[in-house]
Amino acid sequence: MDRKVAVIVGATTKWRGDGFMTKLIHGTALDASDVPEGIRWGVGGAIAQKYAAEGFHVVLTTRSAGNAADLEDAIRRQGGSCSTVEMDLASDDSIAEAFQKIRADAGETDALIYNAGYPDGRDLPPEMELLEHMPVEIFDVAQTVSSRGPFLIAREVLPAMRERGAGSFFFSNNANSLRGRKRGTGNSLYYPRVMMRTLAQVLTEEYSVHGVHVANVVIDGLIDSPGTRALPVAQKNPDIIINPVKIAEAFWFLQTQDRSAWTHELQLTPFPSKPSV
């Protein structure tokens with residue numbers, strides 16, 4: 001395949017019309033047919049569409065291919081090149097098999113965007129807000145997605161990038177990566193995201209000299225999607241939600257930077273909000 005390959009880990013949002021979080025919070029799936037395609041699948045979907053529009057073959061990874069079927073169809077209707085590979089971040093074998101398939105079918109990865117998320121912990125009641133009540137299974141999921149998963153994926157894609165002296169590895173992160181914060185009721189266990197940021201810093205030191213651009217993108221706010229735009233807080237003040245199309249443009253800005261002036265951390269905050277520190 002002649003096209004460059006972009007792999008989007010976590011290509012669809014759990015806030016999509018029929019996503020887990022949408023159903024959990026709203027009690028039912030929502031009709032997303034009137035939501036623009038750039039927003040419909042959250043950050044991962046917007047990034048996938050942007051890279052496809054710029055000529056990359058985009059590989060969508062998801063635990064179940066059905067989750068990304070509509071997104072893949074949309075990219076192809078838009079004239080882009082796209083495929084889907086199932087991958088479970090909790091399984092070493094699944095990660096290895098997924099990238100073996102990607103290399104065989106599409107080629108080596110030129111751009112890796114790590115956008116995996118997790119809802120675990122959001123449904124715990126207020127009386128289980130403190131760490132002493134946190135089930136260890138929820139901690140394990142947070143560590144798997146925030147730290148172990150990207151470590152294993154980095155081992156899959158960075159050797160080839162290093163050998164050819166080019167490539168990009170970008171993390172889609174959140175404000176909880178900036179410092180440890182108490183988990184509030186309704187939130188996931190996010191402080192392991194600090195480890196994701198640390199990994200990005202380590203990979204920057206190790207691989208920039210080999211021509212690989214690593215960056216941590218702090219998405220500092222509520223991301224627009226079918227499920228989030230229906231929340232009362234978003235309905236009351238729509239200016240606080242971040243357009244995933246614009247987030248995707250920020251990732252493309254990183255992708256196209258000259259190596260003489262690389263950005264290694266980028267923070268995106270909606271204008272009415274005070275940037276997190």
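The values are calculated or read from the model by the stated rules, or taken from the named source; none is laboratory data. Bear in mind the structure is a predicted one, so any value in this text is a computation, not a measurement. Neighbour counts run over all protein chains shown; Cβ positions are idealised from the backbone, glycine included. Keep in mind that these areas ignore ligands, DNA and RNA; they rest on the heavy atoms of the full protein, side chains included. Shrake-Rupley method; radii C 1.70, N 1.55, O 1.52, S 1.80 Å.
Some observations on this one:
- All conditions but one from (1) in contact with a helix residue (DSSP H, G or I) (Cβ under 9 Å, 6 or more places away or on another chain); (2) crowded, with 16+ Cβ neighbours inside 10 Å; (3) without any contact (Cβ under 8 Å) to a residue 40 or more places away in the chain; (4) farther than 25 Å from Phe139 by Cβ apply to Arg229; the one that does not is (3).
- Selection status of Gly79, surrounded by fewer than 24 Cβ atoms within 10 Å (Cβ to Cβ), at pLDDT 95 or above and touching a helix residue (DSSP H, G or I) at 6+ places or on another chain (Cβ under 9 Å): yes
- Scanning segment 169-206 for residues that are polar (S, T, N, Q), outside any loop (DSSP other than H, G, I, E, B) and open to solvent by less than 20 Å² (accessible area, probe 1.4 Å) returns Ser172, Asn173, Ser177.
- Test result for Glu72, touching a Ser or Thr at 6+ places or on another chain (Cβ under 7 Å), assigned to a helix (DSSP H, G or I) and open to solvent by 20 Å² or more (accessible area, probe 1.4 Å): yes
- Selection status of Thr269, surrounded by fewer than 15 Cβ atoms within 10 Å (Cβ to Cβ) and either modelled with pLDDT of 95 or more or farther than 18 Å from Trp15 by Cβ (or both): no
- Val245 being open to solvent by 20 Å² or more (accessible area, probe 1.4 Å), within 14 Å of the chain's Cα centre (by Cα) and under 24 Å from Ala29 (Cβ atoms): yes
- Subset of segment 222-248 [among the acidic types (Asp, Glu) and in a helix (DSSP H, G or I)]: Asp239
- Condition met for Ala142 (in a helix (DSSP H, G or I), in contact with an Asp or Glu (Cβ under 7 Å, 6 or more places away or on another chain), open to solvent by less than 20 Å² (accessible area, probe 1.4 Å) and of a type in the set (Gly, Ala, Ser)): yes
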